[in-house]
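Every number in this text was worked out from the coordinates using simple rules, so none of it is lab data. Bear in mind the structure is a predicted one, so any value in this text is a computation, not a measurement.
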Amino acid sequence: MAKHKFHELSDEELKEQLKVKKEELLKMRFSLGVNRMLQNPAQYRKTKRDIARILTILRERELKNQKQTLKK
């Protein structure tokens with residue numbers, strides 16, 4: 001999924017995507033351990049980066065909400 005697409009998702013959708021991406025990463029790790037190679041090594045890196053992007057967006061939103069509640 002493209003970077004800008006993650007920003008358009010709601011928090012619940014992001015959490016669901018995070019769950020899916022973590023499952024993908026787990027399957028890739030398992031495949032790497034069993035077969036000693038991946039079908040597409042670049043996909044492993046992309047999945048890890050997507051997970052990091054999702055976590056970053058969730059954290060940014062969390063901090064934004066905290067900042068807004070402190071101003072009130």
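Key figures for this structure:
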quantity: For the stretch 3-71: Kirkwood Rh in Å [reciprocal of mean 1/r, alpha carbons]; calculated: 13.4 Å
quantity: Gain on full stretching of the segment that runs from ASN40 to LYS27 - 0.36 nm per residue minus C-alpha separation; calculated: 3.4 nm
quantity: Cα-based helix-to-principal-axis angle, 41-71 vs the chain, degrees rounded to 10; calculated: 10 degrees
quantity: Pairs from LYS5/LYS71; LYS46/LYS71; LYS15/LYS46; LYS19/LYS71 whose Cα-Cα separation, in the structure shown, is over 26 Å; calculated: LYS5/LYS71; LYS46/LYS71; LYS19/LYS71
quantity: Residue with peak Gaussian network fluctuation, the chain [Cα springs, cutoff 10 Å], from LYS15, LYS27, LYS48; calculated: LYS27
